[in-house]
Amino acid sequence: MNVTPVASVNESGTSPYGTRWTKWIRPIGLSLLLIFLDELGAYAFLAGAFLILVYLPRSLLARKFAACRKERLIRFAVYLTSVAVVFSLITINKRIAKERAERIIAAVENYKAANGKYPDRLDQLAPQFIAEIPAKARVTFTDSGFRYLVGERHTLMYVSMPPFGRTTYNFETKSWGFID
């Protein structure tokens with residue numbers, strides 16, 4: 001019995017995924033959306049779990065994908081790379097926010113050493129104690145600026161993992177904390 005593979009490339013150079021160049025629009029487009037819009041990593045985690053638990057075994061074991069196994073494995077690599085990039089960007093963003101916060105903390109402490117009290121606003125630090133106050137804690141599309149709260153305690157706050165996940169630094173106790 002002669003069975004034609006379901007997912008084979010025909011004479012015109014098309015596969016079940018489209019022409020040779022259009023078949024990459026979906027994986028690359030979805031990968032770029034994942035990279036730029038997934039600040040939490042939740043979608044990347046779900047996509048990675050699906051890729052490893054469903055897509056990879058089906059690509060390797062299903063007979064109907066035998067003719068296009070190499071193409072499916074390349075797509076798997078593209079998607080999995082985008083998942084890794086998302087988690088790498090989250091890690092880098094956390095590091096950037098922490099470094100920027102530490103610069104502000106040092107400037108606030110220098111202000112206190114010079115004036116005997118903590119500043120009332122962050123803009124009192126520039127340009128004498130810090131060149132400029134960073135506009136954002138992290139590189140992101142959402143609001144991630146620093147908040148300086150003055151009350152019983154002086155606190156620096158920024159959103160480390162939106163929509164909540166606020167990281168705080170208490171100047172009196174010199175300790176990091178989290179809200180949410």
Given backbone amide H placed at 1.01 Å from N, residues whose amide H is under 5 Å from that of residue 137, ignoring those fewer than 5 places away on the same chain, are 144, 145, 146
Could you derive backbone 3J(HN,Hα) for the stretch 24-32 from the dihedral phi with the Karplus parameters 6.51, -1.76 and 1.60 (θ = phi - 60°), listing whole Hz in sequence and x where the residue is Gly or Pro? 9, 4, 5, x, 6, x, 5, 5, 5
Working out 0.36 nm times the residue gap between residue 40 and residue 74, then minus their Cα-Cα distance, what length gain in nm do you get to one decimal? 9.6 nm
Give me a comma-separated list of calculated 3J(HN,Hα) values for the stretch 46-51, in order, Karplus coefficients 6.51, -1.76, 1.60 applied at θ = phi - 60°, integers in Hz, x for any Gly or Pro. 5, 5, x, 5, 4, 4
Apply the Karplus curve 6.51 cos²θ - 1.76 cosθ + 1.60, θ = phi - 60°, to the phi angles in the stretch 106-116 and return the couplings in whole Hz, x for Gly and Pro. 4, 5, 5, 5, 5, 4, 5, 4, 7, 10, x
Could you please state, rounded to a whole Å, how far the C-alpha centre of the stretch 49-94 is from the C-alpha centre of the stretch 101-126? 48
Cα-projected label distance for residue 49 with residue 25, points at 7 Å along beta-carbon direction, nm: 3.1
The residues 72, 121, sorted from fewest to most surrounding Cβ atoms within 10 Å, come out as 121, 72
Treat every Asp and Glu Cβ in the stretch 75-180 as -1 and every Lys and Arg Cβ as +1, leave all other atoms uncharged, and give the resulting dipole magnitude about the Cα centre to the nearest 20 debye. 280
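Read the figures in this text as sums done on the coordinates, not as results from a lab. All figures in this text were calculated on a predicted structure; none of them were measured in a lab. Reconstructed Cβ throughout: ideal geometry from the backbone, glycine too, with neighbour counts over all protein chains shown.
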